[in-house]
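Each reported figure results from applying straightforward, stated rules to the coordinates on display, with no laboratory input. Since this is a predicted model, take the numbers as computed values, not measurements. Methodologically, a virtual Cβ is constructed for each residue, glycine included, from the backbone with ideal geometry; neighbour enumeration extends over all protein chains shown.
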Amino acid sequence: MRMGTLLWRFGPGWRMISSAVLGGGIGPREWVLNAQVDKDYARTDPVEHLIEMGPGGPGVGMLTAAMVEHHTRAADGGVEVVATVGLGVPTWAAAPPGAVSEEAGRRPGTINIIVAVPVALCDAALVNAVMTVTEAKTQALIEAGFPCTGTASDAVCVAVREEGPQEPFGGPRSEWGARIARAVHRAVLDGALGWRGRAAGTARL
């Protein structure tokens, strides 16, 4: 069965920081692919698989067991966010040993977040932006009624412009960090509430 994909073509002129299996780290990237796979996905070559699905050239590739057709979007002051939210195996980051099975930890990321910021950020601000994304995600999950910080293998990608003055901060009280936080919070909250509604509907069948 062919699964869905979300492909965001940025083109040249963008720098990204990501935890994704393909194109992770910091560097110039031109696209982000968020590919849906079966919850029992067992390929041992995810990087090669994502390269096969991508458009070629430098990019970021993520896998998710969430249904990408139910992705959510939000924007704030020029920041744009796309999120896919699946909460089949929620967990606390500091869960005690054995609380999350090794199998669950190997599953494709189920909360994937892509953020586009129309200005340049220095490396430290990029790292700070990832922290801001994670904090806003956790706030949204708790507000949606999920006692967790996420799932065991969530992924994030923050894209910023290569050219222009570099913003020095990406924390939630900085100008651009605050916009990132609000947009991520909205997208993840909508995604979590939507996932809850679909899960409840399935349970009633």
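Computed from backbone phi, the HN-Hα couplings of segment 130-136 come to 4, 4, 4, 4, 5, 5, 5 Hz, rounded to whole numbers (Karplus: 6.51 cos²θ - 1.76 cosθ + 1.60, θ = phi - 60°; Gly and Pro given as x).
Going through (i) 0.96; (ii) 0.99; (iii) 1.14, the figure that equals Rg/Rh (Cα atoms, Kirkwood Rh) as computed for the structure here is (i).
Mean residue ellipticity at 222 nm from the helices of the chain, using -39,500 (n - 2.57) per DSSP H segment of n ≥ 4 over the full residue count, to the nearest 500 deg cm²/dmol?
Details: 4 runs with 64 residues, N = 205.
Helix contribution divided over all residues of the chain: -10500 deg cm²/dmol.
Which residue, 89, 133, 188, tops the fluctuation ranking in a GNM of the chain built on C-alpha contacts under 10 Å? Comparing 89, 133, 188 in a Gaussian network model of the chain, the most mobile one is 89. The angle between the Cα long axis of helix 175-204 and the main principal axis of the chain comes to about 20°, on a 0 to 90 degree scale.
Taking θ as phi - 60° and the Karplus parameters 6.51, -1.76 and 1.60, the scalar couplings of segment 7-17 work out to 10, 10, 8, 7, x, x, x, 10, 10, 10, 10 Hz in sequence order, x denoting glycine and proline.
For residue 200 and residue 52, FRET efficiency with R0 = 45 Å and r from the beta-carbon atoms, rounded to 0.05? Spell out each step's value before the answer.
Working: r = 36 Å, r/R0 = 0.80.
Result of the calculation: an efficiency of 0.80.
Using 1/(1 + (r/R0)^6) with R0 = 41 angstrom and r between the beta carbons of residue 38 and residue 143, what's the FRET efficiency to the nearest 0.05? After rounding, the FRET efficiency stands at 0.85.
Between residue 95 and residue 131, what's the calculated FRET efficiency when r is the beta-carbon distance and R0 is 22 Å? Round to 0.05.
Values: r = 20 Å, r/R0 = 0.90.
It comes out at approximately 0.65.
In loop segments of segment 117-201 as defined by DSSP, there are no chymotrypsin sites (Phe, Trp or Tyr not before Pro) with at most 16 further C-beta atoms inside 10 Å of their C-beta.
With both bridge residues required to lie in the chain, what share of the DSSP beta bridges run antiparallel, to the nearest 5%? Bridges in the chain that DSSP calls antiparallel: roughly 70 percent.
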